[in-house]
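**Q** Quick one: the structure is below, questions incoming.
Read-outs throughout are calculated quantities, based only on the coordinates presented, and are distinct from any laboratory measurement. It should be emphasised that the depicted structure is a prediction, and the values quoted were computed from it without experimental measurement. Because the Cβ atoms are built from the backbone with ideal geometry, glycine has one as well, and the counts that use them run over all protein chains shown.
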Amino acid sequence: MKNITPQELNALLRRGGDAITLIDVRTPEEYSAGHIAGSRNIPLNLISGALAELKNNAGTVYVNCAAGGRSMQACEILTQNGIDAVNLVGGITAWASEGFEIV
């Protein structure tokens, strides 16, 4: 499984911005409490239903959750279905601890 650190993802977002597909697999309640700008909420239990749409997104899908467990599961599902997926190590908790913005 591919991983990315909060520092690497922040640099990538700063360079690529809107061209990056970033999904947050937490619950809608967790997502609305704070998320990475530009991320899209697709809860882990709904990820299978989004496979066709995500396959149509040419390119890598970056995945985050709270601490990394659910995003690892989502990355496994995505990878098994031919989608290039990268897990954010430590999730949004690690992202916030680095001082990066949560909206």
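Conditions tested, residue by residue: (1) touching a residue at least 12 places away in the same chain (Cβ under 8 Å); (2) surrounded by 13 or more Cβ atoms within 10 Å (Cβ to Cβ); (3) among the charged types (D, E, K, R).
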{"residue": "V25", "(1), (2), (3)": "yes, yes, no"}
{"residue": "E30", "(1), (2), (3)": "yes, yes, yes"}
{"residue": "H35", "(1), (2), (3)": "yes, yes, no"}
{"residue": "I42", "(1), (2), (3)": "yes, yes, no"}
{"residue": "G49", "(1), (2), (3)": "no, no, no"}
{"residue": "K55", "(1), (2), (3)": "yes, yes, yes"}
{"residue": "A58", "(1), (2), (3)": "no, no, no"}
{"residue": "G82", "(1), (2), (3)": "yes, no, no"}
{"residue": "W95", "(1), (2), (3)": "yes, yes, no"}
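**Q** What residue, among those in the stretch 38-84 that are basic (K, R) and in a helix (DSSP H, G or I), is farthest from the chain's Cα centre (by Cα)? Before you say what the answer is, go through the steps one by one.
**A** First, pick out the residues of the stretch 38-84 that are basic (K, R): 40, 55, 70.
After this cut, where a residue has to be in a helix (DSSP H, G or I) as well, the list is 55, 70.
Working: K55: 15, R70: 10 Å.
Looking at residues that are basic (K, R) and in a helix (DSSP H, G or I), I get K55.
**Q** Here's another thing I want to ask about it. Report yes if N3 is assigned to a strand (DSSP E or B) and either without any contact (Cβ under 8 Å) to a residue 60 or more places away in the chain or touching a strand residue (DSSP E or B) at 6+ places or on another chain (Cβ under 9 Å) (or both), otherwise no. Even if it seems obvious, please write down each step before you answer.
**A** Working: assigned to a strand (DSSP E or B): yes; either without any contact (Cβ under 8 Å) to a residue 60 or more places away in the chain or touching a strand residue (DSSP E or B) at 6+ places or on another chain (Cβ under 9 Å) (or both): yes.
Against the criterion (assigned to a strand (DSSP E or B) and either without any contact (Cβ under 8 Å) to a residue 60 or more places away in the chain or touching a strand residue (DSSP E or B) at 6+ places or on another chain (Cβ under 9 Å) (or both)), N3 qualifies.
**Q** Would you confirm whether or not the stretch 85-96 contains a residue that is within 10 Å of the chain's Cα centre (by Cα), under 14 Å from P6 (Cβ atoms), part of a helix (DSSP H, G or I) and aliphatic (A, V, I, L, M)?
**A** Yes, the stretch 85-96 contains a residue that is within 10 Å of the chain's Cα centre (by Cα), under 14 Å from P6 (Cβ atoms), part of a helix (DSSP H, G or I) and aliphatic (A, V, I, L, M).
**Q** Being touching a Phe, Trp or Tyr at 6+ places or on another chain (Cβ under 7 Å) and not basic (K, R) narrows it down to one of L46, L88, so name that one.
**A** Details: L46 fails: touching a Phe, Trp or Tyr at 6+ places or on another chain (Cβ under 7 Å).
Being touching a Phe, Trp or Tyr at 6+ places or on another chain (Cβ under 7 Å) and not basic (K, R) holds for just one of L46, L88, which is L88.
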